[in-house]
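The structure appears below as structure tokens.
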Amino acid sequence: MEFFTISLLNGLSYGLLLFMLSSGLTLIFSMMGVLNFAHASFYMVGAYAAYSVAQLVGFWPGLVIGPLAAGVLGALFERYCLRRVHKFGHVPELLVTFGLSYVLLDLVQLIWGRTAVDFQPPEVLRGPAFTIVNSSQTGMDLFFGAAPDALCRAADAAVRVVCSPFPATRGFMMLVALVMLLALWLLITRTRIGLVIQSALTHPEMVEALGHNVPRVLMMVFGAGAALAGLAGVIGGSTFVTEPSMAAAVGAVIFVVVVVGGMGSLAGAFLASLLIGILQTFAVALDVSLGSLLAGVGVEPGAALAGSTLMRLTLSQVAPILPYLLLVLILIFRPKGLLGTREG
Amino acid sequence: MGRTHESRPHYHFKPWNVGRWVLWGLFALVLLAAPKVFSANFQVSLLSQMGIAIVACLSYNVLLGQGGMLSFGHAVYTGLGAFVAIHALVAVGAGSLPVPVSLIPLVGGVAGAGFAVVLGFVTTKKAGTPFAMITLGIGELVFAMSLMVPEFFGGEGGVSANRVTGEPVLGITYGPQIQVYYLLALYTFVCTAAMFAFTRTPLGRVLNAVRDNPERVEFIGYSTQRVRYIAFIVSGFFAGIAGGMYALNFEIATAEVVGAANSGAYLLFTFLGGAIFFFGPIIGAVLLVLAGALLSEFTKAWLLYLGLVFLFMVMYAPGGIASLIMMNLRVAAFGKLRPLLASYLALFGTGVAVLVGAAALVELVYHLQLGDTIGTQFNFLGATLDVGRLDSWFGACFVLAVGLALFELTRRQFELQWGVTQEEIEREIKRREAAI
């Protein structure tokens, strides 16, 4: 039970982190028709910028400045590179962001080195947020913060006690993601700026005729999307590890999220993020293989099959390919994505 | 209703396209003579790699240039082709597969086409941006699988084989690299010719139409999805041949050959060479091998330079190097190249200044970063730069700033001149048309 709860929460927090990234990607895609290949690179830039600020003045200013740096970088890139290739069509737009991902990766390696940097979360977030103590004697108990040491050690050998802590950084990740989502939703649906953005999405000519600078709106949206990725980077970088390969690690997964959710659908991206986050977290934690599963239901595979990789591979080993398998299955059975509206 | 006869004269004169024969003859000659000119061991090895890269980049261009399909997972087909070919080579060595070693690349080709049949069915369901994302996902899928299934992919060490096996035919054992080079050169030539012929078939033409206006193609009655699918299989076949050539050349295949780095390199260099011309990817492939072998020796930050060149290419010359060549050929054909030469010289000089300044700065930052391991002093084009000294930094910045300013000045001048020349050419063309 406590395994299930903790895994679910871990999966949810990872899914929310994925959504922080894929929401920006989806927003940019639905407004500009551009798939930002460098989106995960902004995630990395945010993490590294926040790391540098954290070295100088502390984590909390970094939490603000990191996303800002990524956002400004994104806006500048839109203004001076992306806008220039817009007239060539969608493929060159995708290519220019592809080139940017190379340049950003190497710039980061140039400035911060090729190995991981030591980006720690602040003191407050280092411990567990709460601990579930499951004792065979007293049942389940919930403690905020770390559980007292004495509780986790069984008094005598007959009593089984399991303490499952939930890291505070994971909780913070969920909190930031939810606050950000709420702010984004309020911004888009309740403010004047959001109104302009929404209308620029469907009727750009009309919005322009009414005197709004649509290219500047697009630049702001691109910058905002990059800033969201940067924010996710600060959280993700301090929770997991800040290294040059962090962009590649999430890059392909967020593309899967966007396709599985349905291109351009924000709600679909949300659903797919949580789905993939939970799927991967549970898969990593489960140590069953096809062979053991068959043995469980009483089927004995043949001698030749028993030793093969197919029977030996555990679910935790195949966890990295699960998102891509999901992508293939979705494409075969529901090509427009979970909540997508258009095919093509 | 009877058949309507076309009002075409019975006598149909079709001149030989002399230029084309000359070009292909030259291509064959270059392939033949290259190892005579560059005869050192590592040079022949580089030439062999170029042949492989040419087939791979051309097969990629069937998707990108001719079909408008941006694939991020082309290494899947070259890589799986290489793996199947290496397994075939192992089987030949063990005597269980009666296939001559010379035909191993074809085995790779069939494997590549087979995987394209299976995976392409999923990827070509979509076009445009979703297609790009799905190929990326499939690429990641295959790469992740390669680390999981050691039976086929050989785990960390990969699968290796020996190409010197069986009875020698006409004294050819494929022991010396030069024999392998000529085999690969033959494959390169035949594949290039076959892919060029493919662009001339009705299917190749419809593929171009699918790239340019899929909606109209659907209206005419073609299924764009099926056209993409068939083109994908053709591309997979040639990619597999490139993989088989790779297997024969290196006698080993590791998990990296299906990795994203290779897919990215095919995309980058095909585009750099020029995707809109048939011969563009050949230039790109030569650059691919040269950059991988020489540029990476020269500087650790070579991917940064590559990325920057790519960015500028997409922004300013989306037709790649091939389009730059063709544009200047057109200017030359109208006899207007000579006045531009001075501008080219100025552009080149200032461009070199910018490059030197930027490169010095990059190397300085790089040595500042890795000062502990590679030292803070280094030799840059004959000058000794030191990370700790201000004059090194100042010098690099100064060269960069002056170079940039001069380059911008000459660029503006050149742009004006270029525009005027192009207008003159347009007018000349109109005049000639009017004269007819």
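No value in this document is a laboratory result; all are computed from the given coordinates. No experiment lies behind these values; they were computed from the predicted model shown. Methodologically, a virtual Cβ is constructed for each residue, glycine included, from the backbone with ideal geometry; neighbour enumeration extends over all protein chains shown.
Cut-off 10 angstrom, C-alpha nodes, Gaussian network model of chain B. Which of B:Thr270, B:Thr421, B:Thr165 fluctuates the most? Of B:Thr270, B:Thr421, B:Thr165, the Gaussian network model singles out B:Thr421 as fluctuating most. Across region B:70-81, coupling constants 3J(HN,Hα) worked out from phi with the 6.51/-1.76/1.60 Karplus curve, θ = phi - 60°, read 8, 9, 9, x, 6, 4, 4, 7, 5, x, 5, x Hz, and Gly and Pro carry x. Given the options B:Leu46, B:Leu170, B:Leu141, which has the most mean-square fluctuation in a GNM of chain B, springs set between C-alpha atoms less than 10 angstrom apart? Checking each option, the largest mean-square fluctuation is seen for B:Leu170.
Of B:Trp16, B:Trp302, how do they rank once you tally other Cβ atoms within 10 Å and put the fewest first? It would help to have the intermediate numbers written out before the result.
Working: B:Trp16 7, B:Trp302 16.
Result, fewest neighbours first: B:Trp16, B:Trp302.
Work out, step by step, the length gained on full extension between B:Gln422 and B:Ile178: first 0.36 nm times the residue separation, then minus their alpha carbon distance; give nm to one decimal.
Result for the pair: 83.2 nm of gain on full extension.
Here B:His87, A:His203 are placed in order of increasing Cβ neighbour count within 10 Å, fewest first, which gives A:His203, B:His87.
Close amide H pairs (under 5 Å, H built 1.01 Å from N) link A:Ala129 with A:Phe166, A:Ala168, residues at least 5 positions away or on another chain. 3J(HN,Hα) couplings calculated from phi for region B:355-363 with the Karplus curve 6.51 cos²θ - 1.76 cosθ + 1.60 (θ = phi - 60°) are, in sequence order, 4, 5, x, 5, 5, 4, 5, 4, 5 Hz; Gly and Pro show x.
For A:Lys336, the lysines whose Cα comes closer than 19 Å to its Cα, not counting residues fewer than 8 places off in the same chain, are B:Lys125, B:Lys126.
Scalar couplings 3J(HN,Hα) for region A:230-245, obtained by applying the Karplus form with A = 6.51, B = -1.76, C = 1.60 to θ = phi - 60°, are x, 4, 4, x, 4, 5, x, x, 7, 7, 8, 9, 9, 8, x, 7 Hz; x denotes Gly and Pro.
For region B:18-282, the relative contact order works out to 40 percent when only alpha carbon pairs closer than 8 Å and six or more residues apart are counted. For B:Phe380, the residues 5 or more places off, or on other chains, whose built amide H falls under 5 Å of its own are B:Leu385. Annotation for A:Thr202 and B:Asn208: the two label points, set 7 Å from Cα along the Cα-Cβ direction, are 4.1 nm apart. A Gaussian network model of chain B, with springs between Cα atoms under 10 Å, assigns the largest mean-square fluctuation among B:Met315, B:Met133, B:Met245 to B:Met315. The label-point distance for B:Lys430 and A:Ile193, in a model that sets each label 7 Å from Cα toward Cβ, rounds to 4.9 nm. The mean count of C-beta atoms from other chains within 10 Å of the C-beta of residues in A:106-119, rounded to a whole number, is 3. The trypsin sites (Lys or Arg not before Pro) of region A:19-128 meeting both criteria, a DSSP state outside H, G, I, E and B (loop) and at most 14 other C-beta atoms within 10 angstrom of the site's C-beta, are A:Arg114, A:Arg126. Between region B:20-45 and region B:359-435, the alpha-carbon centres lie 33 Å apart. A crude spin-label estimate for the pair B:Cys397 and A:Ala285, with each label 7 Å from Cα along the Cβ direction, gives 5.3 nm.
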